[in-house]
1. To the nearest 10 degrees, how steeply does helix 65-83 sit against the main Cα axis of the chain, on a 0 to 90 scale?
2. How high is the relative contact order of the chain, in percent, counting Cα pairs under 8 Å that sit 6 or more residues apart?
3. Within the chain, what percent of beta bridges assigned by DSSP are antiparallel, to the nearest 5?
4. P(r) for the chain, please, calculated from all Cα pair distances in 10 Å bins and given in %.
5. Using a cut-off of 11 Å between beta-carbons, work out the net charge of the residues near Tyr82 (Lys and Arg +1, Asp and Glu -1, Tyr82 not included).
6. Which values of log₁₀ I(q)/I(0), to two decimal places, follow from the Debye formula for the range 86-193 at q = 0.11, 0.15, 0.23 Å⁻¹ with a uniform point scatterer at every Cα?
7. Ignoring ligands, DNA and RNA, how do Tyr19, Tyr79 rank by accessible area with a 1.4 Å probe, largest first?
8. What are the ³J(HN,Hα) values, in whole Hz, obtained from phi via the Karplus relation 6.51 cos²θ - 1.76 cosθ + 1.60 with θ = phi - 60°, for each residue of the range 101-111 in sequence order, with x given for Gly and Pro?
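The values are calculated or read from the model by the stated rules, or taken from the named source; none is laboratory data. This one's a predicted model, so the numbers in the text were calculated from it and none came from an experiment. Using ideal geometry, Cβ is built from the backbone for each residue, glycine included, and neighbour counts are taken over all protein chains shown. To get the accessible areas, we keep the full protein, side chains included, count just its heavy atoms, and leave off ligands, DNA and RNA. Shrake-Rupley method; radii C 1.70, N 1.55, O 1.52, S 1.80 Å.
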Amino acid sequence: MIEACIFDLDGVIVDTAKYHFIAWKALAEELGFEFILDDNERLKGVSRMKSLDILLEIGGLQFSEQQKLAMAEKKNMLYVSYIEKMTPEETLPGVPEFLQELRNKGIKIALGSASKNSPMILDRIQLSGMFDVVVDGNSITEAKPNPEVFLKGAEKLGILPENCVVFEDAIAGIEAARNAGMYCVGIGKPEILGMADFVIPGFEEFTFEKLEAPFPFPPKWKA
Ligand code: BG6
Ligand code: MG
């Protein structure tokens, strides 16, 4: 039985990958190497510091922890300069309607994101009020694929993991949902997100009825 839906933020509710890319690319250029769009895929769903590690690995560079913290801070300042200008029009198609449908049906809604900028983004797109619970990069210690972010969300909502559905666009996030023992809907391409219980391209035309259709089949993690 579906009692709660837990949403990832970046790539599910908003397309912020383009802003992360601009900011990481600027840092790479400053460090003297090129960062290309294909490599940006590797940073999806990954925490800020882990993203920096991947970037530096691409550039073949090594720095002290202190230097890395300063770089991550600098990247974040540029990233924030973009997201602080976001408007509700940047919400991905169908998302507000689907959230409203869940609310009308009495389904609980949580955010489960790695981003420390989640509160600002939700505020800018005017969707903060839709979430019963927000668990983000500020309140977790373990990054996806660790299930902490989703388990915390379920716990705060007071709903059992098996009655939660996670919406995720990143492989690490789908793994996290499975590790949490939750049903998982992938947002994107089936050939990339094959580990999800099912995959949809986005929320346009998506309804609660379509979400409920595959139930009561057991989620893949139980198979
Ligand atoms: C995830 C994004 O949601 O949040 C990652 O997919 C990002 O690309 C991570 O690195 C951390 O975000 P922030 O906003 O705290 O730097
Ligand atoms: Mg994501």
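1. That works out to roughly 60 degrees.
2. Values: 375 pairs, mean separation 54.7, N = 223.
Relative contact order, the chain: 25 percent.
3. Details: 1 of 20 bridges.
Of those bridges, close to 5 percent are antiparallel.
4. The percentages, shortest bin first, are 8, 34, 36, 17, 5, 0.
5. Working: positive: Lys18, Lys85, Arg124; negative: Glu84, Glu90.
With Lys, Arg at +1 and Asp, Glu at -1, the net is +1.
6. Taking Cα atoms of the range 86-193 as identical point scatterers yields -0.33, -0.63, -1.48.
7. Working: Tyr19 30, Tyr79 0 Å².
The ordering from most to least exposed comes out as Tyr19, Tyr79.
8. Taking θ as phi minus 60°, the curve returns 4, 4, 4, 4, 8, x, 7, 6, 10, 10, 9 Hz for the range 101-111.
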